[in-house]
Each structure stands twice: as C-alpha cells, then as structure tokens.
1. From Tyr147, Tyr122, which residue is touching a helix residue (DSSP H, G or I) at 6+ places or on another chain (Cβ under 8 Å) and over 23 Å from Pro58 (Cβ atoms)?
2. Being without any contact (Cβ under 8 Å) to a residue 60 or more places away in the chain, surrounded by fewer than 18 Cβ atoms within 10 Å (Cβ to Cβ) and touching a strand residue (DSSP E or B) at 6+ places or on another chain (Cβ under 7 Å) narrows it down to one of Ala128, Ala71, Ala133, Ala97, so name that one.
3. Among the residues that make up region 207-220, is at least one of them part of a strand (DSSP E or B), closer than 22 Å to Pro58 by Cα and among the aromatic types (Phe, Trp, Tyr)?
4. Show the residue pairs that are 6+ apart or on different chains and have beta-carbon atoms under 6 Å apart, the first residue being within region 183-202 and over 23 Å from His106 (Cα atoms), the second being surrounded by fewer than 20 Cβ atoms within 10 Å (Cβ to Cβ).
5. Given the criteria in contact (Cβ under 8 Å) with a residue 12 or more places away in the chain, more than 27 Å from Gly240 (Cα to Cα) and either touching a His at 6+ places or on another chain (Cβ under 6 Å) or among the polar types (S, T, N, Q) (or both), does Thr180 qualify?
6. Within region 104-118, take every residue that is surrounded by fewer than 24 Cβ atoms within 10 Å (Cβ to Cβ) and among the aliphatic types (A, V, I, L, M) and give me the one that is nearest to His87 (Cα to Cα).
Amino acid sequence: MTAARLVRTAALAALPALVAAHAAPAVSTFGPLRNRAMPRLSGRGRPDHIALTFDDGPDPLSTPLFLRLLAERQVGATFFLLGREAHRSPGLVREIAAAGHEIGIHGWLHRPLLLRGPRATYDDFARARDTVADITGLRPTLFRPPYGVMSTVAHLAAHRLGLTPVLWTCWGQDWTARATPESVHRTVKADLDAGGTILLHDSDCTSAPGAWRSTLGALPRVLGTCEQRGYEIGPLRDHGWPQPA
C-alpha cells in the first residue's frame with residue numbers, strides 16, 4: 001500500500017470519530033437532560049428570578065409591539081438578534097438598547113451549526129457580534145445558537161469571540177401555525193420554575209407567518225404567571241451568574 005493510500009485510509013477511519021466529536025454538544029438540545037446536567041447553558045439563574053428572552057428579531061412589524069408591551073409592564077428582556085436582521089433595521093436595534101433591554105446574538109443567519117465548518121462558524125458569529133456592536137456601541141457577550149443546537153466548533157468560536165452560549169429551560173412553541181396565545185402560555189407554564197429562562201420569538205422570519213401574534217397575545221399571561229409565583233422578571237444580565245469581561 002502506498003503512503004498516499006495509507007493516509008487516505010487513516011483519514012477515512014478517523015472520520016466517524018471526528019463527526020461524533022463535532023456533533024457531541026448537540027446532546028444539549030435535549031431539554032430535560034440539559035436542564036439537569038448543564039444548568040448554566042440552560043440559563044438557570046437565581047431562584048427568585050426568571051429571564052425573559054426573545055429570538056429571531058428585530059422585525060420592524062412586530063418587535064415594536066413587544067417593546068411597547070414590555071415598557072407598559074416595566075419589564076426588561078434579552079433579545080437574541082439575527083445579524084442580518086439587525087443590519088436591515090439598525091434604528092430598531094438602537095431602540096431595543098435605548099429601552100434598557102439586553103442584546104445577544106443569534107448568529108448572522110438562522111442556519112444549523114452542525115452543517116458548518118470552523119471558519120464559516122467563526123465568521124458568522126463575528127459578523128453578527130460586530131454588526132450589533134457597531135450599531136449600539138456595546139459588544140454583545142451572549143449567544144444563542146439557531147435551533148438551540150451547538151457543535152464543538154461553535155463552542156470554540158464563541159470562546160474566541162468572548163461569547164457565552166445560553167439556551168433556555170422552557171419555551172412557548174410559539175413558532176408554529178397552530179400556536180395560539182393560550183397554547184403558548186400553557187406550554188411556558190408547564191415547565192416554568194425558579195431561576196428559569198423563557199424562550200419566545202418576537203419575529204416570524206424563521207417561523208410560521210404571523211406566529212408572533214400568538215406570542216404577543218400570550219406575553220401578558222406569561223408575565224402574570226411569573227408575578228403570581230413571586231418571580232422577578234428581567235434580562236439574563238440580572239439572572240445572577242457572571243458575564244465574561
């Protein structure tokens with residue numbers, strides 16, 4: 001066997017192990033396991049606080065309505081923005097920041113990280129981070145992967161860029177055409193507990209058209225449930241665990 005064939009054979013033999021290593025962090029997608037074994041990645045914080053988070057914005061049609069409701073209720077939140085959408089609506093990004101909300105990034109494009117290599121992953125994160133930083137004057141420190149699925153190279157890229165991945169402990173399943181304000185509230189309430197992080201969406205750019213309306217309709221009920229249980233509601237920065245410098 002020639003040296004070239006030996007190299008190719010060895011590379012092919014190692015390929016399954018490399019793929020497994022790349023995809024291993026995807027196990028964190030399984031909520032019950034993540035919530036028990038990875039509390040920080042799940043966004044688990046101090047027991048008297050609930051972190052309210054929104055993904056996929058900003059959207060000029062829907063995000064201002066969420067901002068108005070949050071202002072009326074005097075509640076802060078963390079918005080995980082898509083870099084491309086932030087680039088399209090810089091004024092809205094500044095409005096989110098001016099209202100006192102925290103901004104993290106959701107990547108530049110909403111595409112699965114398991115299908116990306118190291119360079120593409122790093123460039124996507126960096127482009128989104130730098131776009132938000134240029135608009136607001138503040139560099140984001142939080143990151144949420146599309147679909148909540150991490151990879152090994154995503155963890156490495158996030159570390160290099162000073163980004164902390166944060167997922168969630170409960171969600172509203174508010175992205176489907178079947179979602180209603182009642183179903184979103186019911187789904188959040190089922191898994192809502194002390195120190196948790198709620199995932200909702202203020203945009204339908206990756207959801208069923210108009211799905212955000214169900215989220216907006218459910219939000220007062222979600223906030224009311226948190227208040228009834230004695231939880232303070234706010235962004236992740238108030239959640240009781242340190243942020244990177």
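1. Values: Tyr147 fails: over 23 Å from Pro58 (Cβ atoms).
Within the list Tyr147, Tyr122, the selection yields Tyr122.
2. On the way: Ala128 fails: surrounded by fewer than 18 Cβ atoms within 10 Å (Cβ to Cβ); Ala71 fails: touching a strand residue (DSSP E or B) at 6+ places or on another chain (Cβ under 7 Å); Ala133 fails: touching a strand residue (DSSP E or B) at 6+ places or on another chain (Cβ under 7 Å).
Among Ala128, Ala71, Ala133, Ala97, only Ala97 is without any contact (Cβ under 8 Å) to a residue 60 or more places away in the chain, surrounded by fewer than 18 Cβ atoms within 10 Å (Cβ to Cβ) and touching a strand residue (DSSP E or B) at 6+ places or on another chain (Cβ under 7 Å).
3. Filtering region 207-220 for residues part of a strand (DSSP E or B) gives none.
No.
4. Final answer for the pair search is His185/Arg221; Lys189/Thr225; Ala194/Pro47.
5. Details: in contact (Cβ under 8 Å) with a residue 12 or more places away in the chain: yes; more than 27 Å from Gly240 (Cα to Cα): yes; either touching a His at 6+ places or on another chain (Cβ under 6 Å) or among the polar types (S, T, N, Q) (or both): yes.
Considered against the rule, which asks whether it is in contact (Cβ under 8 Å) with a residue 12 or more places away in the chain, more than 27 Å from Gly240 (Cα to Cα) and either touching a His at 6+ places or on another chain (Cβ under 6 Å) or among the polar types (S, T, N, Q) (or both), Thr180 comes out as yes.
6. Of everything passing the filter in region 104-118, Leu109 is nearest to His87 (Cα to Cα).
No value in this document is a laboratory result; all are computed from the given coordinates. Small disclaimer: the values here were computed from a predicted structure and weren't measured. Glycine gets a Cβ as well: all are built from the backbone with ideal geometry, and neighbour counts include every protein chain shown.
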